[in-house]
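Contents: one structure, followed by commentary.
The values are calculated or read from the model by the stated rules, or taken from the named source; none is laboratory data. Owing to the predicted nature of the structure, the values given are computational and were not obtained by experimental measurement. Methodologically, a virtual Cβ is constructed for each residue, glycine included, from the backbone with ideal geometry; neighbour enumeration extends over all protein chains shown. Just so you know, the surface numbers come from the protein's heavy atoms only, side chains and all, with ligands and any DNA or RNA stripped out. Shrake-Rupley method; radii C 1.70, N 1.55, O 1.52, S 1.80 Å.
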Amino acid sequence: MQKPPVAGMEHDSTGKLPQYPIESVDNALRLILLLGDRSEIRLTDASEYLHVASSTAHRLLSMLQYRGFVRQDPISRAYQPGPSLTSVAFAVHSRMDIPRTAAPILRHLADTLQETVHVGTLDGRLVRFIAALESPSAVRVISRLGTTRPAHCTSTGKVLLAGLSDDELDQLYPDPHLEPLTEHSVRTHTELRAQLAEVRKSGFATSNQESEEGVASVAVAVPVGGSQMRLALNASAPSYRFRPSDIRKARTALTDAAAELARNLG
């Protein structure tokens, strides 16, 4: 005999309620869906939305926080999307829309700049490269597709970190010292903040042998608006081809390409 519907539980896209609904699971999933519509939620928001006591809403949010699906702002105490939630979103998009949508844009960029180009996302303190196209030049930077790098050591990471608030940066980097990859890498939180301030002013970031000896890059953020996705485009080149004129040319081409990618993803 089928159990009666649980109060507050919504039907799925088929219109059929599961035979054995679990209210706590449904409430947790509804909170995740709510975070898809809002940049943050408070405990009172969750309690009112689910029509449950504050203690119940707090237990649900605490479990989501434990699994990384939400994180709590230390100042406002509001709950925001956590790294697990954004990682799932990025994994889905990397398998579906982004590489396919970015492919013709990357092809045009690689032809224009004659350098290797990437699309990257911010995953906690890492940058994950989810689409790429290698330069047609004989001497080129090898694609980083599917790999990760510490965000503070890459142009892609720095341009994405520049979009975070100071509180978010403090949460990501509680230690004042940063692990370098090369002798050129940023080594302190203070130095990183100074670089990010310049990135916010200029609208682009650079890395000159900070993630790998002999490799340089330029990156700009993809203006995806209110989306939870944090994406950037970069052009990577041997460091000897990293003259000021090359940087200017790459910045212009990347900015135009990023705007096109944002439009196509929207």
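Roughly how many whole Å is it from the C-alpha centroid of the range 173-189 to that of the range 24-49?
36 Å
What number comes out for accessible area per residue over the chain if the probe is 1.4 Å? Units Å², please.
53 Å²
Along the three principal axes, how long is the chain when you take its alpha carbons, biggest first, rounded to the nearest angstrom?
Here the Cα extents, ordered largest to smallest, are 71, 41, 26 Å.
When you have a sec, figure out the Kirkwood radius of the range 141-266 from all distinct Cα pair distances and drop it here in Å to one decimal? Write out the running numbers ahead of the final one.
Numbers: mean 1/r = 0.0670 Å⁻¹.
After inverting the pairwise mean of 1/r, the radius is 14.9 Å.
Which ³J(HN,Hα) values, rounded to whole Hz and listed in residue order, are derived for the range 202-218 from phi using the Karplus coefficients 6.51, -1.76 and 1.60 in 6.51 cos²θ - 1.76 cosθ + 1.60 with θ = phi - 60°, glycine and proline given as x?
Taking θ as phi minus 60°, the curve returns 8, x, 8, 10, 10, 9, 10, 6, 8, 9, 7, 4, x, 10, 10, 7, 10 Hz for the range 202-218.
Carbon-plus-sulfur fraction of the accessible area of the chain, 1.4 Å probe, in percent?
Details: 7520 of 13990 Å².
Percent of accessible area from carbon and sulfur atoms in the chain: 54.
Show that you can apply the helix-only estimate: for the chain, add -39,500 (n - 2.57) for every DSSP H stretch of four or more residues, divide by all residues, and state [θ] at 222 nm to the nearest 500. Before the final figure, lay out each step's value.
Details: 9 runs with 116 residues, N = 266.
Taking each H run of at least 4 residues, the total per residue is -14000 deg cm²/dmol.
With unit charges on the beta carbon (Lys/Arg positive, Asp/Glu negative), name the residue among ALA259, LEU43, LEU60 whose Cα is farthest towards the positive pole of the charge dipole of the chain.
ALA259
Around PRO223, with a cut-off of 13 angstrom between Cβ atoms, what is the net charge of the other residues, counting Lys and Arg +1 and Asp and Glu -1?
On the way: positive: ARG230, ARG263; negative: ASP256, GLU260.
Result for the neighbourhood of PRO223: 0.
Counting residues in the range 107-188 as N, plug N into 2.2 N^0.38 Å and put the Cα Rg over that result.
Dividing the Cα radius of gyration by 2.2 N^0.38 Å gives 1.23.
Please give the direction-averaged projected area of the C-alpha convex hull for the range 32-171, in square nanometres with one decimal. Please list the in-between numbers first.
Values: hull surface 38.6 nm².
Spelled out: convex hull of the Cα atoms, projected over all directions, averaged, 9.7 nm².
Would you pull out the residues with amide H under 5 Å of VAL141's amide H, same chain only if 5 or more places away, H placed 1.01 Å from N?
So VAL141 has HN proximity to THR116, SER135.
Between ALA103 and HIS58, what FRET efficiency comes out of the Förster formula 1/(1 + (r/R0)^6) with R0 = 35 Å and r the beta carbon distance, rounded to 0.05? Please list the in-between numbers first.
Working: r = 45 Å, r/R0 = 1.28.
So, using R0 = 35 Å, E works out to roughly 0.20.
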